[in-house]
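The values are calculated or read from the model by the stated rules, or taken from the named source; none is laboratory data. Computed from a predicted structure; not experimentally measured. Here the Cβ is made from the backbone with ideal geometry for all residues, glycine too, and neighbour counts use every protein chain on show.
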Amino acid sequence: ARIEADYTAGLRRAGPREEAEPVLAGGVAHHSWRMSPFPVVFARGSGGEKWDVAGRRYIDLWMGHGSLMLGNAHPAVVEAVAKQMQLGQHLGGAHVMQYAWAERIRELVPSCEYIRFTASGTEATLLALRVARAWTGRPRIVRVDGHFHGWHDEALAHALPKKQSGLNPGVDEFITLVPPLDTGAVLDELAERDVAAIILEPGGGSAGSLPWSTQYLATLRRIADLHGALLIFDEVISGFRYAPGGVQALAGVRPDLTVLAKIAAGGMPGGLVGGRREVLSVVSGGLSAVNEPVHVVHAGTFNGFPLSAAAALATLDLVADGTTQATAERVTCTLVAGINAAAEAADLDVRAIHQSSIFHLLIGALDAGDPISPGTAAIRLLRERAADYATLRRALLLEGVDCHMSHGWLSIAHDGPLLDEAIGGFERAFARVREL
Ligand code: PMP
């Protein structure tokens, strides 16, 4: 209650007229949820810092939902986008930057022989599933429980009650969920049903809370080949963050289709599906794998948007050799060690873990119901201890640290004094929580 009162008193802003005259549905523009009783409203950001409308400074551990490996407003990205803007932001038709962007992606992720751009990651998974169905002539998709692929109906099938959520009531019929790391369940499904594709986050579901394994990915590759289904890697999170070539490069497993967005679009709106040439050819008609005529509709005003291409090319140049990823991961290790030391000193039941340059906060103890990894517990705890996560987030905001409710992303911009400041912010936030 004290932290909530401090939050309300300390961070309430006259800035937006939102509370007097609501204009944004639910009070925020993006996710369905917001901080209660009001969101912190940001005005600008630079590197690993950002400022709210009243000029309060925060260490940014949100990093554009993981889309920023270089921090906000990196000079090379700003320059590239500004230069492109001078030349016109949208020329209709094909654009020279789209070819350069696609070639750069293919250099770094060679399984992306052919590429189609979309305006977001959600659109890219939608396209990948549609392409898979058209190519194989089969209706079903296998998805891995806990893995996220955006907010279209097929990506959310089985997750929500249909009537309340507004999802297509028929969507569950053609989507099967299998538990993570369970190759037997995938094998059964592919052997018994008309499965077009299995889609998963190869770097682990839920921003890397669920574990990944090279052996699992290699086995999925074999099972998919055995049954003529496609293997789709959603590397929206892991692409260019875990490694320049994504998890597929780390694991040495080549998917049929790859979905990329976030860093792949230079932290700007955009996504893409890349993959086998003959498979992606279905977007321009022709014949499917079973020699039937196909015609996949793919349209979109902002597909391959030139400003996103400019940001992407500038970003991909800077993340191509692996040093960016190594720095961001080193910084994340230090942050996690600092958070854990601070939690221990404060005698709080909080623990941080990390995967690549993403960290996760666990409030509460692991139990026997978390057999797969500590990260599995993060998902359970986030649900069970929602009020505590919200309290910690308010305390962190009061101490000038902003991250997602249970996790955060780092970048090369956090290397240096910001890191010590972030750890200091956690220490002070933990002290506030202890006073509860
Ligand atoms: N796939 C994964 C793995 C994601 O994490 C996300 C977004 N966080 C998406 C797809 C959807 O991407 P977007 O938000 O650009 O629609």
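Being in contact with a strand residue (DSSP E or B) (Cβ under 7 Å, 6 or more places away or on another chain), away from the ligand (no atom under 11 Å from the Cβ), of a type in the set (V, I, T) and assigned by TED's automatic domain parsing to the domain that holds T125 is the requirement here; does V273 meet it?
Against the criterion (in contact with a strand residue (DSSP E or B) (Cβ under 7 Å, 6 or more places away or on another chain), away from the ligand (no atom under 11 Å from the Cβ), of a type in the set (V, I, T) and assigned by TED's automatic domain parsing to the domain that holds T125), V273 qualifies.
Could you tell me how many of the residues in the range 130-152 are assigned to a loop (DSSP other than H, G, I, E, B) and either of a type in the set (G, A, S) or away from the ligand (no atom under 16 Å from the Cβ) (or both)?
Total satisfying the criteria: 5.
Kindly establish whether L108 is touching a His at 6+ places or on another chain (Cβ under 9 Å), modelled with pLDDT of 95 or more, more than 16 Å from the ligand (Cβ to nearest atom) and closer than 20 Å to P202 by Cβ.
In short, no.
Please give the helices (runs of 4 or more DSSP H) falling wholly within the range 202-304 in which 1 or more residues are β-branched (V, I, T).
The qualifying helices (runs of 4 or more DSSP H) are 214-227, 246-251, 277-280.
Taking interchain pairs and intrachain pairs at least six residues apart, which have beta carbon atoms under 7 angstrom, with the first residue in the range 111-129 and assigned to a helix (DSSP H, G or I) and the second of a type in the set (S, T, Y)?
So the pair list comes out as A124/T118; L127/T118.
Six or more apart or on different chains, Cβ under 7 Å: which pairs go from a residue in the range 153-168 that's assigned to a helix (DSSP H, G or I) to one that's more than 16 Å from the ligand (Cβ to nearest atom)? Could you list them?
D153/L167; D153/N168; D153/V171; E154/V171; L156/L167; K162/P169
Check T323 against each of (1) modelled with pLDDT of 95 or more; (2) on the phi > 0 side of the Ramachandran plot and name the one condition it does not meet.
(2)
Under 7 Å between Cβ atoms, at least 6 apart or on separate chains: pull out the pairs that start in the range 249-268 with a residue that is closer than 21 Å to Q215 by Cβ and end on any residue that is assigned to a loop (DSSP other than H, G, I, E, B) and acidic (D, E).
Going by the 7 Å Cβ cut-off, the qualifying pairs are T258/E235.
Among A261, A312, A299, A265, which is the only one that is touching a Lys or Arg at 6+ places or on another chain (Cβ under 9 Å) and closer than 20 Å to W101 by Cα?
Result: A312 is the single residue among A261, A312, A299, A265 that is touching a Lys or Arg at 6+ places or on another chain (Cβ under 9 Å) and closer than 20 Å to W101 by Cα.
Exactly one of these conditions fails for G208: (1) closer than 26 Å to T323 by Cβ; (2) at pLDDT 95 or above. Give me its number.
Against the list (1) closer than 26 Å to T323 by Cβ; (2) at pLDDT 95 or above, G208 comes up short only on (2).
Confirm whether A261 is within 23 Å of V279 (Cβ to Cβ), more than 15 Å from the ligand (Cβ to nearest atom) and at pLDDT 95 or above.
no
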